[in-house]
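Asks: Encoded as structure tokens, here's the structure I'll be asking about.
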Amino acid sequence: MLHYVNEVSEEQLNHILDKITEAVKKAIIAGVDVIEVHGDRLVGYLCSTIINKRTGKYGCSFENRTRFALAVVEVLKRPQLQLQLTISYQLLLNRKTALYLVKVVYF
């Protein structure tokens with residue numbers, strides 16, 4: 001995963017967002033009450049100043065490094081999904097102490 005963060009194309013990231021949309025639709029059909037976005041791996045690694053060595057749209061600045069994480073939230077907020085559930089978002093801030101930033105968004 002560490003190398004993938006720096007090698008994945010924008011097209012592949014958009015494909016992943018499409019797959020997240022599909023997964024959310026299936027979760028809604030299954031009757032889930034909460035969707036958790038776990039920010040440890042791809043989402044969290046793209047946000048990392050240590051791991052993410054990208055330049056351009058998904059690298060360098062804080063805004064660019066968090067772009068994919070925010071895109072995931074935007075996918076979940078799409079009107080056609082008609083979400084009426086809680087979205088819990090966890091982003092690992094410090095692996096040594098397992099300190100998490102938790103953002104809960106209610107729709």
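Asks: For Cys60, list long-range residues whose amide hydrogen, built 1.01 Å from N in the peptide plane, is under 5 Å from its own amide hydrogen.
Replies: Residues meeting the amide H criterion: Arg54.
Asks: Using a 1.4 angstrom probe and counting only protein chains, how large is the accessible area of Thr49 in Å², to 10?
Replies: 90
Asks: Can you list residues whose amide H is under 5 Å from Ile35's amide H, if they're 5+ apart or on another chain and H is modeled 1.01 Å from N?
Replies: For Ile35, the qualifying residues are Thr86, Ile87, Ser88.
The values are calculated or read from the model by the stated rules, or taken from the named source; none is laboratory data. Keep in mind that what you see is a predicted model, and the values were worked out from it rather than measured. To get the accessible areas, we keep the full protein, side chains included, count just its heavy atoms, and leave off ligands, DNA and RNA. Shrake-Rupley method; radii C 1.70, N 1.55, O 1.52, S 1.80 Å.
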